[in-house]
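Inspection log for the structure reproduced underneath, given as structure tokens.
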Amino acid sequence: MSVPDYMQCAEDHQTVLVVVQPVGIVPEDQFFRIYKRIASVAQVSIRDSQRNLYIRYRHHYLPENNEWGDFQTHRKVVGLISVTTCGSAKEWPQTLDRFHSQKEVFGATLYDSRLLVFGLQGEIAEQQRTDVAFYSSYDDCPNVEKRVEDFVESIFIVLESKRLDRATDKSGDKIPLLCVPFEKKDFVGLDTDSRHYKKRCQGRMRKHVGDLCLQAGMLQDALVHYHMAVELLRSVNDFLWLGAALEGLCSASVIFHYPGGTAGKAAGRKPSLAQGQGQAADAGKRHRPGAQEVLIDPGALTANGISADTSSEIGRAKNCLGPEDIIEKYKEAISYYGKYKNAGVIELEACVKAVRVLAIQKRAMEASEFLQNAVYINLGQLSEEEKIQRYSILSELYHLIGFHRKSAFFKRVAAMQCVAPTIPEPGWRACYKLLLETLPGYSLSLDPKDFSKGTHRGWAAVQMRLLHELVYASRRMGNPGLSVRHLSFLLQTMLDFLSDQEKKEVTQSLENYTSKCPGGMEVLTLPDGLKLPPVAFTKLPIIRYLLGKSVKGCECSGSSSLEFQWVQGEVCEVQLMVYNPMPFELRVEHMGLLTSGVEFEALPAALSLPAESGLYPVTLVGVPRTAGNITVNGYHTSVFGVTSDCLLDGLPSVLTSGCMVEVIPSLPRLQLSTSLPRSAHPLQPSKEELSSSVSVQLFNGETQHLTITLENIGSEDLETLEVASKTCNTKEKLFGEFLSWDLDEAVSQLPLKPGQSVTLTVNIKVRLDFSGGENLLQDLNDDGISVTGLPISSPLRQVLKPRAETKPLGSESSKTDYNHVKTLEAVMTFKYSGGAGKVEGYYRDLTLGVHVDIEPSVFFTRVSTLPATRTRQCHLLLDVFNSTEHELTVSANNNQDLVLHASECQRYVTFNLPIHKGVSG
């Protein structure tokens with residue numbers, strides 16, 4: 001026997017084997033329709049008896065395996081059901097001959113046979129025959145199952161007669177020696193009269209009767225016979241048959257303890273107990289766990305060693321093995337099988353049966369030991385198909401006991417065997433299918449979402465190897481789309497585990513595949529129905545965070561509700577901070593926004609990121625075409641020929657699953673330009689973002705005209721315009737208005753069409769109090785310098801600094817230098833609206849920052865009066881100091897102008913002033 005039955009389990013020992021085969025030409029689909037109906041009759045309750053007969057059906061069975069039927073009777077083909085198609089009476093004789101020829105193959109062991117004929121009508125079909133059933137067609141055969149039940153009952157009758165015949169053998173001392181095929185030549189010339197030989201014959205026959213009892217539904221009788229066979233065979237060291245007796249004892253005990261079966265079938269089997277025996281619920285009272293072999297009363301044996309009445313043994317024996325003893329006996333039986341090279345199939349099948357029992361008992365480690373032994377059993381030269389089957393079954397058994405990674409290992413070995421070099425036509429489809437089945441064992445899923453949840457599971461090196469094999473198998477299958485999908489999955493999920501060289505190789509392979517078959521976001525459905533979800537390159541590039549941006553520059557990040565609005569019909573922005581993890585330049589094409597809600601036109605961008613770049617800002621733009629609410633769900637890219645839709649909820653570094661923005665109706669849009677240069681620095685006290693800013697330097701009391709041009713660069717008419725200003729710093733005492741303008745002329749030009757502009761003149765006038773400069777003149781007088789008109793030899797900024805010899809280091813005045821330059825800052829706000837947005841109450845604003853540095857111009861330091869010619873008048877004397885670096889002229893009403901050079905101080909006599917009561921000169 002060279003081909004093992006990997007599907008065998010312990011309860012198969014109580015089944016009878018029936019082969020169902022076609023005769024002649026029978027359509028395959030029609031044959032298997034009938035085969036399934038026949039196989040549905042797997043258990044038959046025998047009439048006038050409390051016993052059940054279990055049937056195991058096979059549509060293919062090697063005749064050489066039938067030769068082991070005496071060794072284990074469940075391997076013997078006892079029934080044959082042939083299915084044939086016969087269209088006319090002329091074909092009937094030939095069909096019948098074929099049926100008889102088929103019976104001859106298993107003729108030595110057959111108990112009964114049936115022929116099911118389809119398509120034949122007429123006189124022949126009307127004949128009443130027990131071994132032939134006629135049906136008009138495969139669709140019109142209502143009583144097939146009933147015929148099979150009758151057939152099974154006839155098999156039981158023969159089985160029961162053989163059991164009784166063997167159990168009551170009256171042939172004297174001569175009991176035939178049952179042999180396996182390879183033993184026959186070894187027993188030639190043996191002394192058949194020796195005591196040793198007789199015990200061997202008795203032990204083997206006792207074991208054989210135990211098999212027949214088990215098949216006939218007499219479980220307790222079978223247990224007794226197996227125990228007695230073990231004692232007899234052990235005494236003569238008949239190890240092969242001793243192993244079979246122990247295995248039979250294990251099988252009967254398994255059937256008793258586990259009536260639901262060990263093969264994982266949905267419908268469990270009921271235990272078949274002999275008449276007069278209790279139910280399985282009382283098994284614990286009758287049989288202690290750990291019970292050993294039966295103690296046989298020698299008086300219970302007849303002269304030939306076979307007793308017809310086993311009730312005495314049943315009453316005194318500890319018949320059924322406990323769960324732990326079952327495994328011990330399996331180990332012992334397998335060790336005996338291992339002594340025989342030709343019993344490799346028996347040994348392997350026993351290992352499989354033991355594993356199934358251990359799986360029920362949840363003893364995984366012991367089961368793995370049996371499987372490890374099964375791996376090394378030598379079955380000789382196996383075909384490639386047999387090797388594939390062997391590794392696949394090992395994989396299933398490892399999975400059964402919970403060794404998922406070991407299961408995946410053998411499944412992968414089976415996959416590689418499908419494309420072995422010795423196979424003329426490698427089965428790449430079968431290889432691919434088996435590789436897919438290994439994924440769960442290696443903690444690998446083809447859904448990228450499973451890899452974004454916490455830490456990585458499984459061995460990355462093994463997973464990458466497996467993914468590479470899937471890519472190669474897909475290519476050999478002629479399916480480049482699958483190769484692209486698996487390679488994309490490898491790059492996305494295993495990026496952190498790839499070396500720099502591997503990253504280059506994978507991306508090069510991906511580009512080669514996508515040049516023939518671009519990758520997309522569609523779900524791929526395999527022929528067996530398995531769906532492969534799309535793979536989005538969320539790591540190429542990596543997004544650190546997202547910034548939404550309005551047209552006026554307000555920003556908000558990390559929130560699902562953004563604090564600004566977008567305007568219908570105008571370009572809006574979203575800024576991403578991206579990072580390139582690749583060791584080479586990354587080119588991203590067609591990068592744009594993914595949105596939902598209002599109609600949105602995304603304007604794709606292309607970018608090139610340097611190798612392993614730091615955070616790099618990327619701005620994605622688009623135009624909302626209608627008003628309403630829009631949600632930014634993510635972005636789409638095209639990298640290495642693979643188009644990806646990257647959703648925000650799949651990005652671990654972005655905390656929101658979508659940013660909602662309100663899109664308001666259309667508004668005009670103004671662009672501001674000024675006649676003064678832009679400021680080099682922002683306004684310090686202002687916390688708002690300015691649209692623009694200007695800077696100017698003036699002397700105290702000087703006026704500057706600022707011309708502001710507002711151009712309508714939008715698509716709507718400008719209908720309303722309001723201007724306001726706010727001074728930022730109020731520390732300085734300001735005299736008069738800082739900023740002033742006349743808006744009437746500008747408003748008169750409204751509505752302002754797109755493309756048109758309007759100007760506004762703003763007067764900047766600065767008048768501050770620089771009275772703190774009197775200290776300067778005091779310093780000058782202390783130095784003994786005349787202030788009557790003589791020029792000051794040293795520059796002003798040097799004179800203002802305190803002297804070291806008069807002001808010691810560390811004094812309060814030495815810590816702060818006197819600052820002549822003062823600053824005024826203000827913000828002008830232009831509030832405007834128009835179009836559909838104005839109707840809804842929306843408006844826009846522009847802000848202009850004005851920064852003015854003010855230097856002092858003239859100090860009036862010393863003030864005194866002189867009597868005038870009239871008693872009611874006086875002259876005002878002023879010492880005037882020019883603190884600038886320019887020449888200036890001081891004028892007063894009805895007085896002569898005074899010209900002062902840079903840093904010059906002169907006395908200036910003003911006009912006569914009237915003297916009022918309460919005012920002293």
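For the reader, a short list of remarks on this structure follows.
- Label point distance in nm, E123-H468, each placed 7 Å from Cα along Cα→Cβ: 7.5 nm
- Ranking of E469, E328, E126, E732 by solvent-accessible surface, largest first: E126, E328, E732, E469 (1.4 Å probe, protein heavy atoms only, all chains present).
- Rounded to whole Hz, the Karplus (6.51, -1.76, 1.60) HN-Hα couplings of region 743-756, x for glycine and proline: 8, 4, 5, 5, 5, 5, 8, 7, x, 9, 6, x, x, 8
- Sparse-neighbourhood loop sites, chymotrypsin sites (Phe, Trp or Tyr not before Pro) in region 344-410 - DSSP loop, at most 16 other Cβ within 10 angstrom: Y376
- Within the same chain, aspartates and glutamates fewer than 8 places from K198 are excluded, and of the rest, those with a Cα less than 15 Å from its Cα are D169, D173, E231, D238.
- Distance from region 67-132 to region 405-477 (C-alpha centre basis), Å: 45 Å
- Whichever aspartates and glutamates have a C-alpha closer than 19 Å to that of K731, once near sequence neighbours (fewer than 8 apart) are set aside: D769, D817, E825, D853, E855
- Solvent-accessible heavy-atom area per residue, rounded to whole Å², over region 562-709 at 1.4 Å: 45 Å²
- Portion, in percent, of the accessible area of region 437-500 that falls on carbon or sulfur, probe 1.4 Å: 51 percent
- Protein accessible area in region 146-251, 1.4 Å probe - carbon and sulfur %: 53 percent
- Sequence of M477, M365 when ordered by accessible area, the most exposed leading, probe 1.4 angstrom: M365, M477
- Near I81, the amide H atoms lying under 5 Å from its own belong to V19, V20, Q21, R114; only residues 5 or more places off or on other chains count, and H is placed 1.01 Å from N.
- Here is the list for region 135-229: trypsin sites (Lys or Arg not before Pro) lying in DSSP coil, each with at most 16 other C-beta atoms within 10 angstrom of its C-beta, are K170, K174.
- Excluding same-chain neighbours fewer than eight residues apart, the aspartates and glutamates reachable from K331 by a Cα-Cα span under 12 Å are E247, E347, E366, E369.
- Radius 10 Å from Cβ of W459, net charge of other residues (Lys, Arg +1; Asp, Glu -1): +3
- Distance violations [Cα-Cα > 27 Å] among K76/K184; K162/K339; K36/K329; K162/K199; K184/K341; K433/K516: K162/K339; K36/K329
- Rounded to the nearest Hz, the phi-derived 3J(HN,Hα) couplings of region 148-156 under the Karplus curve 6.51 cos²θ - 1.76 cosθ + 1.60 (θ = phi - 60°) are 5, 4, 4, 4, 5, 5, 5, 5, 4, where x marks glycine and proline.
- Under the Karplus curve 6.51 cos²θ - 1.76 cosθ + 1.60, θ = phi - 60°, whole-Hz ³J(HN,Hα) for region 382-392, x wherever Gly or Pro sits: 9, 6, 4, 5, 5, 5, 4, 5, 5, 5, 5
- Region 10-168: relative contact order as a whole-number percent, Cα under 8 Å and 6+ apart: 25 percent
- Relative contact order of region 93-240, pairs being alpha-carbon contacts under 8 Å that are 6 or more residues apart, as %: 16 percent
- With the simple spin-label model, which puts each label point 7 Å out from Cα in the Cβ direction, the D528 to E840 separation comes to 5.4 nm.
- Were the residues from T761 through E662 laid out at 0.36 nm apart, the gain over their Cα-Cα distance would be 32.1 nm.
- Per residue, the convex hull spanned by the Cα atoms of region 10-168 measures out at 127 cubic angstrom.
- Placing a pseudo-label 7 Å from each Cα along the Cα-to-Cβ vector at Q372 and R907 gives an inter-label distance of 11.9 nm.
The values are calculated or read from the model by the stated rules, or taken from the named source; none is laboratory data. All values derive from a computational prediction rather than experimental measurement. Note that we place each Cβ from the backbone using ideal geometry, even for glycine, and neighbour counts take in every protein chain shown. These accessible areas exclude ligands, DNA and RNA; they are computed on the full protein's heavy atoms, side chains included. Shrake-Rupley method; radii C 1.70, N 1.55, O 1.52, S 1.80 Å.
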